[in-house]
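Structure, as structure tokens:
The values are calculated or read from the model by the stated rules, or taken from the named source; none is laboratory data. Treat the numbers as computed from the prediction; the structure is a model and nothing was measured. Note that each Cβ is placed from the backbone with ideal geometry, even for glycine, and that neighbours are counted across all protein chains shown.
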């Protein structure tokens, strides 16, 4: 594995954004359970249950589950970024970033909250 896809990346892949094409077909990608949960919610809200189920089926194949160490690390990062930037990361973003860091994966996102963050492959 090389890459951890956050929810932003998952959404862009479902939109077929050419900038994310290399991740859509890569076997070197993983994502987190909370990211798949967020994608399911967004698809359910915007496109209905059939689309949400299709996205879940597609991305659950590469889904990793977070553990206690991921959660602890995530909350430390979330607290630090909220102090530094005066805007905190979402829980899912913080957990995903922690999962990527602990597993030495590049965190793939286009979320501006992660611009110029170590370990992030920023894609728009």
Exercise. Inside region 78-95, can you point out the residues that are surrounded by fewer than 19 Cβ atoms within 10 Å (Cβ to Cβ), touching a residue at least 12 places away in the same chain (Cβ under 8 Å) and within 15 Å of the chain's Cα centre (by Cα)?
Worked result: 91
Exercise. Out of all the residues in region 75-84, is one or more touching a strand residue (DSSP E or B) at 6+ places or on another chain (Cβ under 9 Å) and under 22 Å from residue 119 (Cβ atoms)?
Worked result: no
Exercise. Which condition number in (1) surrounded by 19 or more Cβ atoms within 10 Å (Cβ to Cβ); (2) assigned to a loop (DSSP other than H, G, I, E, B) is the one that residue 116 fails?
Worked result: (1)
For this session: Scan region 23-50 for residues that are at pLDDT below 95 and either within 11 Å of residue 11 (Cβ to Cβ) or surrounded by 16 or more Cβ atoms within 10 Å (Cβ to Cβ) (or both) and jot them down.
Result: 24
Problem set entry | Residue identified as out of contact with any helix residue (DSSP H, G or I) (no Cβ under 6 Å at 6 or more places or on another chain), within 18 Å of residue 4 (Cβ to Cβ) and assigned to a helix (DSSP H, G or I) among 53, 84, 69 | 69
Exercise. Yes or no: residue 19 surrounded by fewer than 19 Cβ atoms within 10 Å (Cβ to Cβ), out of contact with any strand residue (DSSP E or B) (no Cβ under 9 Å at 6 or more places or on another chain), farther than 16 Å from residue 97 by Cβ and touching a residue at least 24 places away in the same chain (Cβ under 8 Å)?
Worked result: yes
